[in-house]
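These notes are about the structure you will find just below.
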Amino acid sequence: MRRIFVLTLSGFWLIFWSFGLGQTPPPKIYISVDMEGIWGVVHGNQVSADSPEYSAARKWMVEDVNAVLRGLFEAGVKEVLVNDSHGSMRNILAHELDPRAALLSGSPKPLSMMEGIDGSFKGVIFIGYHARAGSLSSILDHTISGASVYSIKINGQEMPELGINAAIAGYFRVPVIMLSGDAETCRQARAILGENIVTVAVKEATGRFAAKHLPRELALKRLAETAKEAVAKINSLQPFLPSAPYVFELNLHNSNQAELGALIPQVKRVEPRTLQFQTKDYLEGFKLLRALIALASVS
Ligand SMILES: [Zn+2]
């Protein structure tokens, strides 16, 4: 009698499993794409829409993204959102993107390079990212605004965009699983997000405006294969979120750039060129930071 019961129970699980009810759904992936860390890019002219060099870099950008998408779809991913995250955020021509992916294009967007992220995603990928302002041997190193920002610190730690944005993903409990850019940017990603993140250095900078690139074919192959690897190890990665309260420190290039931001009651001008504020909520802090950077450009 007992044996029959056990057999019946296991039969039930077999039926349950064969209908796919016991399987975890394929992970939904979010991609943020910047341009300075794209293969082939070494100069500001290549990432500026008014330059004749821009159209070539724009093509390299979508090729890097499509290589990652190929790897993701081969790994069984069914849903991907690609957020164009550089300058006007209208760099990727919609018809050139892998048609299986959704594209978020244009600006401004409240969460900027991370607009559209939420807790339904299982992993975040940064493509074409660059190192923080003041990095040695890194293509076009800067933090959000090359014209205004000397450095950004969160809870005392100097942050590149990849750290600031990873914490937005962390707010929604989503880990960053992969990054591509130059070798120094990959190093900064591992230092901040942990050694478990997989990275692809598509180029190695010899200075701010020169780099040795991987052969194109090899770069695209690595981007696709690393995306597959990232999906395979997705459960071993932890979301990144510094602990609250969040102390944001914005160091600007010139003292005038701090003048308008200092008018906001919550914001302290702790040095002539430095604004500081504290928030309990990370997204609230990020939005105030963006507003202060925008004010710096008109101060
Ligand atoms: Zn950019």
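Packing, as the average of other Cβ atoms within 10 Å across residues, places the peptides 57-64, 134-141 in the order 57-64, 134-141, highest first.
Residue exposure proxy: Ser48, Ser243, ordered by other Cβ atoms within 10 angstrom of their Cβ from fewest to most, comes out as Ser243, Ser48.
Ordering Ser299, Ser236, Ser85 from the fewest to the most neighbouring beta carbons within 10 Å gives Ser236, Ser299, Ser85.
Give the shape of segment 139-264 as rounded, prolate or oblate, defined through the alpha-carbon gyration tensor: a ≥ b ≥ c are the square roots of its eigenvalues, a/c under 1.5 means rounded, and otherwise the shape is prolate if a/b is larger than b/c and oblate if not. Verdict is oblate for segment 139-264.
Test of the criteria: in segment 193-299, which chymotrypsin sites (Phe, Trp or Tyr not before Pro) are in a DSSP loop and have at most 15 other Cβ atoms within 10 angstrom of their Cβ? The qualifying sites are Phe209. Counting only residues at least eight positions apart within a chain, or on another chain, the aspartates and glutamates with an alpha carbon under 14 Å from that of Lys221 are Glu63, Asp64, Glu74, Glu229. Report summary: the helix-based calculation at 222 nm, which adds -39500 (n - 2.57) for every DSSP H run with n ≥ 4 and divides by the residues of the chain, gives -10000 deg cm²/dmol.
DSSP beta bridges fully contained in the chain are about 45 percent antiparallel. Ranked by the mean number of other Cβ atoms within 10 Å per residue, highest first, peptides 214-224, 118-128, 73-83 order as 118-128, 73-83, 214-224.
Pairs exceeding 18 Å between alpha-carbon atoms, taken from Lys78/Lys228; Lys109/Lys268; Lys59/Lys109: Lys109/Lys268; Lys59/Lys109.
Along the axis of the charge dipole computed for the chain (Cβ charges of +1 for Lys and Arg, -1 for Asp and Glu, origin at the Cα centre), the listed residues Leu214, Ile127, Ser148 are led at the positive end by Ile127. Charges were assigned to the Cβ only: +1 to each Lys and Arg, -1 to each Asp and Glu. The resulting dipole of segment 18-106 about its Cα centre is roughly 320 debye. Residues Met159, Met35, arranged from fewest to most other Cβ atoms within 10 angstrom of their Cβ, appear as Met159, Met35. Distance between the 7 Å Cα→Cβ label points at Ala291 and His213: 4.1 nm. Our compactness index for the chain, the C-alpha radius of gyration over the empirical 2.2 N^0.38 Å, is 1.12. What translational diffusion coefficient, in µm²/s and rounded to a whole number, does the Stokes-Einstein relation yield for segment 206-264 at 20 °C and a viscosity of 1.002 mPa s, taking the hydrodynamic radius as the Kirkwood radius over Cα pairs? Roughly 126 µm²/s, to the nearest whole number.
Here, each number is a calculation from the coordinates, and none is a lab measurement. A quick note: this is a predicted structure, and the numbers were derived from the prediction, not measured. Cβ atoms come from the backbone with ideal geometry, glycine included; neighbour counts cover every protein chain shown.
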